[in-house]
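The structure appears right after this line, and notes come after that.
Each reported figure results from applying straightforward, stated rules to the coordinates on display, with no laboratory input. The structure presented is a predicted model; accordingly, all values stated were derived computationally and were not measured. Every residue, glycine among them, receives a Cβ derived from its backbone with ideal geometry; neighbour counts consider all protein chains shown.
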Amino acid sequence: MDLDDKIEAYLLKKLSAAEAAAFAGQMAADPALKKQVQLHRLGLEILEAVEEEDWRAKIKEWEAASPSEDLLDEKIPSTLPWLKIVMGLLAGLLLLFGINKFRGKSPVEEKPIPNTTDSTALLPDTNKASGKMLPLKDTVALQQPAPVKGNTATLPDTRKASGKILPLKDSVALQQPALIKDNTTLPDTNKAPGKILPLKDAITQKEQDKKAALLAYADVSQQAYDKDPIYQPVIDRNGVISSNDELRNIERMLDSSWFEKALPLLEKTTPESVKPVQYIEVQKMLAHTYYKMGRYANAAIALDKLAQLSRADKADAEWYRLLCLVAEYNKRQPEADALLETILQEKNHPYQTKAIALKQLLKR
Amino acid sequence: MKQHRKWTDEEILNTFYASVEGRERMLYYIFHESGWRKQVIKFVVENSGTMEDAKDIMQEALVGFLKSLTNGKYEGQGALQGYFFGIAKHKWHDELEKRKKRVKTNTLTDKNDVRQNNPSEDNADKRLLEEDRRKLLIEVVKKLGYERCLRLRLEAGAGATGEELARRFGFKDPDKVKKFKSDCWKSFLKELENFPDLENLLLEEFDGLIQWKKWT
């Protein structure tokens, strides 16, 4: 062990207690040695600082690409919490004002509801008549006018219909049935002071079904894919990839599902930079990476290329291309159906049995 | 959000100690896939912090965690997630202390009184000084121009083989890597010795505790 190694071992606490004590003694007696140790320590500290700087840069880069705000269910304002309080107070005041308005009117306007079929006695539904959606507070105000001259009938007070006072928001909701049923004309109730329905609840059943179908197709595709993916990382010292360090490195990344890191390396690999047989493997890796990242259209393109490069891989390329199309079946159904039929009709296609099963699944 | 497979503590540590890529991969896993980031952000935000505070604490906690792994401070004491979260909580506690102290400092005329009265509140100050020092050291590297040498040494320290280092740093012969590593380090230390502000950079050792001169 030369002096440099010994100094480093001392600083990294790799010496035994006795060796460390002896070395400290030497240092105390020799100022030049002490200076050397100090320099080494500074050098190691600089190394740490460089590494730390790299980590921080990486974290900042990731933070910029994937904002933390997305992680929380609700956005949390980083500033002006008082604004939230003031808005809350205002909303409360408006609500109180609304309730008082209803209560104040009731004794005066409380008249028996006429048992009549005279439609002229009823107030027009101002909300529909104008053909234009009014803010909710305005529609409430329009439906609660001062008593109409010469008209014995007033708008039925739905809050009292059941003999029980309903909360304001419920009474408004009762007076707005058409609005709630038809989401295409639903005003942005979130902006109105008396919040009725969150917009997300107004998503139609049709849209939900569409989303569920999309997920189901992707699920069908992924289940079939994961059983037997086009590329399975095999860290094999004697394999096609082993002779190329860069490809072996990429293979390690894929082995640990680090697709985001592997993708740019795969994308920049050209036919000239690797052997032809390796380039075919690169196409499989690329298709696998795209597929795993949910970029099915790109995966399908890589598979097309694979089919052109290698006749031996044509059947594989077709099957996995089909899975890519099925993952986006809503958008690419005709293409997927055509390819499925091609596979089914081709004699001795290695994926015929799987294709039959897939067809049945899609029918369901 | 896409669900990722949870790594075991063993996988996390093995990936970290495998190579430089392994370190980055592990960092990526913790940041993006583990759910630890969400836990830290939620904690800070729910304990009177803002989103900006949460981001800072996440970064500090990650760096602290990685340092614990590199210098062997973590010796398997409990699950890694708990250990990491402990670091984050500690960092946030320090930050809150620093803020409290800042308020007190504004009300006192003699700043020294604060330090004398509250010696336990110096952690936050220490962190600031450490940050200053790190920036200063990076400046030194930039001035001296030994980045390649230092990176090679870092990668060697992270477990890269001679062949890997030769490929990455453009050496035809892996044997030359070893010689370069030793020679450039010696040369770097020599340059440091002649650095004009060396006295300000050197650390002092008192009773086994290493301290920065500026701090003492």
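With both labels modelled 7 Å from their Cα along Cα-to-Cβ, the residue B:17 to residue A:246 distance reads 3.2 nm. Loop-located GluC sites (Glu not before Pro) in region B:28-80 (DSSP state not H, G, I, E or B) with no more than 11 neighbouring Cβ atoms inside 10 Å: B:75.
Please find the FRET efficiency linking residue A:359 to residue A:32, where r is the Cβ-Cβ separation and R0 is fixed at 60 Å, and quote it to the nearest 0.05. After rounding, the FRET efficiency stands at 0.15. A Förster radius of 25 Å combined with the Cβ-Cβ distance from residue B:5 to residue A:65 puts the calculated FRET efficiency at roughly 0.70.
Which FRET efficiency value, to the nearest 0.05, do you get for residue A:90 and residue B:52 by plugging their Cβ-Cβ distance into 1/(1 + (r/R0)^6) with R0 = 30 Å?
Details: r = 27 Å, r/R0 = 0.91.
Using R0 = 30 Å, I get an efficiency of 0.65.
Cross-link pairs exceeding 30 Å in C-alpha to C-alpha distance, out of A:211/B:89; B:55/B:100; A:261/B:135; A:14/B:176, comprise A:211/B:89. The modelled label-to-label distance for the pair residue B:194/residue B:168, using points 7 Å beyond Cα in the direction of Cβ, is 3.0 nm. The Kirkwood radius of region A:1-50, taken over pairs of alpha-carbon atoms, gives through the Stokes-Einstein law at 4 °C and 1.567 mPa s a diffusion coefficient of 116 µm² s⁻¹.
Over the C-alpha atoms of region A:257-364, the Rg to Rh ratio, Rh being the Kirkwood estimate, stands at 1.00.
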